[in-house]
1. Going residue by residue through the range 138-146, is there one that turns out to be within 15 Å of Leu29 (Cβ to Cβ), modelled with pLDDT under 95 and within 16 Å of ligand 1 (Cβ to nearest atom)?
2. Of the residues Ala44, Ala111, Ala50, which is among the aliphatic types (A, V, I, L, M), touching a residue at least 24 places away in the same chain (Cβ under 8 Å), closer than 20 Å to Ala190 by Cβ and within 11 Å of ligand 1 (Cβ to nearest atom)?
3. If you go through the range 49-66 one residue at a time, how many are assigned to a loop (DSSP other than H, G, I, E, B) and either within 11 Å of ligand 2 (Cβ to nearest atom) or among the small types (Gly, Ala, Ser) (or both)?
4. Which of the residues spanning the range 124-145 are in contact (Cβ under 8 Å) with a residue 60 or more places away in the chain and either among the small types (Gly, Ala, Ser) or farther than 25 Å from Ile195 by Cβ (or both)?
5. List every residue pair whose Cβ atoms sit under 6 Å apart, with the two residues 6 or more apart in sequence or on different chains, where the first one lies in the range 72-83 and is surrounded by fewer than 24 Cβ atoms within 10 Å (Cβ to Cβ) and the second, anywhere, is modelled with pLDDT of 95 or more and of a type in the set (Asp, Glu).
6. Considering each of Ala101, Ala6, Ala42, Ala111 in turn, give the residue that is small (Gly, Ala, Ser), at pLDDT 90 or above and either within 14 Å of ligand 2 (Cβ to nearest atom) or part of a loop (DSSP other than H, G, I, E, B) (or both).
7. Please pick out the residue among Leu141, Leu133, Leu129, Leu98 that is surrounded by 15 or more Cβ atoms within 10 Å (Cβ to Cβ) and under 23 Å from Glu7 (Cα atoms).
8. Would you pick out the residues in the range 10-28 that are within 27 Å of Lys86 (Cα to Cα), away from ligand 2 (no atom under 11 Å from the Cβ) and hydrophobic (A, V, I, L, M, F, W, C)?
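The values are calculated or read from the model by the stated rules, or taken from the named source; none is laboratory data. Here the structure is a predicted model, which means the values were calculated and not measured. When we count neighbours, we look across all protein chains shown, and the Cβ atoms used for this are built from the backbone with ideal geometry, even at glycine.
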Amino acid sequence: MNVSRAELLISCAKPDQFPDTGLPEIAFLGRSNVGKSSLLNALAHRKALARTSSTPGKTRLIHFFEVTRGKRDVVLVDLPGYGFAKVPERERRSWQKLVEAYLGNRPPLKAAVLLQDVRRDFSEDETLLLEWLAERGVASLVAFTKCDKLKPMRRKQRIQVLKQQVPRPPGGFVTTSADKKIGIDDLWRAVYVMITPPRDTAEEPTG
Ligand code: GTP
Ligand code: MG
C-alpha cells in the first residue's frame, strides 16, 4: 500500500514539546542499534526519514513522524535506545527520564513495537518493558529485526527459541528486515490490529 506522506513533525528533548495531533501514536522501543530508526524508515517507505547509524546511540531525542498510508494517518515515534554502556551516565539518565515521561503518560500512545535482534537472546530489559506496557494497558508486539543476517533455516530456529523466552505479546511476533524489506506489510497489519478499538458488541443481536 502506498505511503503518500511521511514527515518529521518534531524532535523533542522535553515532554512539554510533545505534539498534539489527535492521531494514534505507535512507539518503537528497543536496545540501542537494534534497528528502530531503520524499521521506521522501511515502514514509511523512505530512505532517511529517521536518522540511522552503525554507531549505537544515534537517536537521542524523541522524534515524531506523521505517516499517511492508504487512508490512514498515524504518528510513528522513534525513541532513543537503551542499554548502550558507552554513553555517559548523565546523558543516559536524561534520555531515560525522557522516554519514561513519554511512555508513562501519553494518552495518544496506542501501541508499542518492541524490537529484538533475531541473533540475540531477550534480556531482562525486554521482559520488564513488555510487563510494564501490559500493566499500563499499552498494546505491544515484538518485531524481530535484521533477519537478513541469518540463513532461512537458522532464522527459523532462532525465532522458535526466542518465542519461548517471553510471554506472547498481545500483538504477537513479526519477523522483519529493514534492509531487505521483509515483513514490512505484516508489521503494518499487526499495528493496525493493535490500534483499532475493539468493536462495541453491546448492540449486536444475541442468539
Ligand atoms: P539507536 O538510535 O542508537 O537506538 O539505534 P536504532 O535502534 O535506531 O538502530 P538503527 O536503525 O540506527 O540501525 C543500527 C544499525 O543496524 C545500522 O548500521 C543499520 O544499517 C543496521 N540495520 C538496521 N536494520 C537492519 C536490517 O534489517 N538488516 C541489516 N543487515 N542491518 C540493519
Ligand atoms: Mg535510532
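1. no
2. Numbers: Ala44 fails: within 11 Å of ligand 1 (Cβ to nearest atom); Ala111 fails: within 11 Å of ligand 1 (Cβ to nearest atom).
The conditions single out Ala50.
3. 12
4. Scanning the range 124-145 gives a single hit, Ala143.
5. Val75/Glu25; Val75/Glu66
6. Values: Ala101 fails: either within 14 Å of ligand 2 (Cβ to nearest atom) or part of a loop (DSSP other than H, G, I, E, B) (or both); Ala6 fails: either within 14 Å of ligand 2 (Cβ to nearest atom) or part of a loop (DSSP other than H, G, I, E, B) (or both); Ala111 fails: either within 14 Å of ligand 2 (Cβ to nearest atom) or part of a loop (DSSP other than H, G, I, E, B) (or both).
None of the other options fit; the residue is Ala42.
7. Leu98
8. Within the range 10-28, Ile10, Cys12, Ala13, Ala27 meet the criteria.
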